[in-house]
Amino acid sequence: MNNTETYKRIVDTTYALFAEHGIDKTSMAMIAKEVGITKPAVYYYFSSKEELVDFLFEEICKEIDFAKYFTIEAYTKNNFQAKLLSDGFKMIQDQENDAFFSRVINEYILVSIRNEKYRQTFYSITEGFMNGFVDLLTKGAQFGVVTNEKLTTKAQLLSMVIDNIGNYMLMGFNIDYNEIWAEAVHNVFKSED
C-alpha cells in the first residue's frame, strides 16, 4: 500500500468503525488493526485521535451542504417542481446508499453536545438548508410557480423533512421516503385557503 492508499484506508476504516462502535469507543489501535498497519503508522498520518475525528467531521460536513444537492441557478419556471423533487430524491438515495452515514452523523451530533465547534457547524448547516430553501422558494415565487405566502414556513418544512429522513432511516423504518419528500414538496405548491 502506498501513502495515499493507506491514508484513504485509515479514513474509510475510521468512518466504518465510528458507525459500528461509536466515536468514543473506537480507538487508534482498533483502526490500525482493521487497516492492517501498526498504531504508530496511524499516528504518522494523524497526530491524534482528535485530529482524525476533526478531519472526518469536516469531510462529512462537505457532503451535507445545501448547494451540493439544490443548485438554485439550475431551477427554471418549467423545471421547478420536478427539479425540487429529483434533487430531494437524490439526497435520499445518497443516504440510503451509505449505510453508515446516518449513524456517523448522529455520533457527531452527540459529540456536538460537548463540543461547541461541532454544534455551531451543525447549526450553520441546518441554517444553510433553511436559508437555501427560502432562496429557492423565493425564486419559485418570482417565477409564479410557488405562492408567495409563508415562504419561510414552507422552507422550514422542507428542511425539517429532508433532515429527519436520515433519522428514520437510522431507526430502521421501512417507509417510502421518496413519497414523504414528494408530499412535502406538493404542499409547498398548494395555494393557501
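Data table
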quantity: Probe 1.4 Å - accessible area at MET169, Å² to nearest ten; calculated: 40
quantity: Accessible-area composition of the range 140-186, carbon plus sulfur, in percent [1.4 Å probe]; calculated: 53
quantity: The chain: calculated mean residue ellipticity at 222 nm from DSSP helix runs of at least 4, using -39500 (n - 2.57); calculated: -24500 deg cm²/dmol
quantity: Percent carbon-and-sulfur accessible area, the range 10-106, ignoring ligands, DNA and RNA, probe 1.4 Å; calculated: 52
quantity: For semi-axes √(5λ) of the Cα gyration tensor in Å, calculated from these coordinates, the label among (i) 46, 18, 15; (ii) 38, 15, 15; (iii) 65, 14, 10; calculated: (ii)
quantity: Part-to-part distance (alpha-carbon centres) for the range 110-170 and the range 5-73, which is given in Å; calculated: 26
quantity: FRET E, pair ASN2, ASP135, Förster distance 41 Å, beta-carbon r, rounded to 0.05; calculated: 0.40
quantity: Reach of LYS68 by Cα under 24 Å, taken over lysines that are not fewer than 8 positions away in the same chain; calculated: LYS8, LYS77, LYS83, LYS90, LYS117, LYS139, LYS154
quantity: Heavy atoms of SER86: accessible area, 1.4 Å probe, square angstrom to 10; calculated: 60
quantity: Average accessible surface area per residue within the chain, 1.4 Å rolling probe, Å²; calculated: 56
quantity: Surface accessible to a 1.4 Å probe, VAL11 within the full protein complex, Å²; calculated: 20
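The values are calculated or read from the model by the stated rules, or taken from the named source; none is laboratory data. Everything numeric in this text was worked out from a predicted model, so none of it was measured. For neighbour counting, all protein chains shown are included, and Cβ atoms are generated from backbone atoms with ideal geometry for every residue, glycine included. Note: accessible area is taken over every heavy atom of the protein model, side chains too, but ligands, DNA and RNA are not part of it. Shrake-Rupley method; radii C 1.70, N 1.55, O 1.52, S 1.80 Å.
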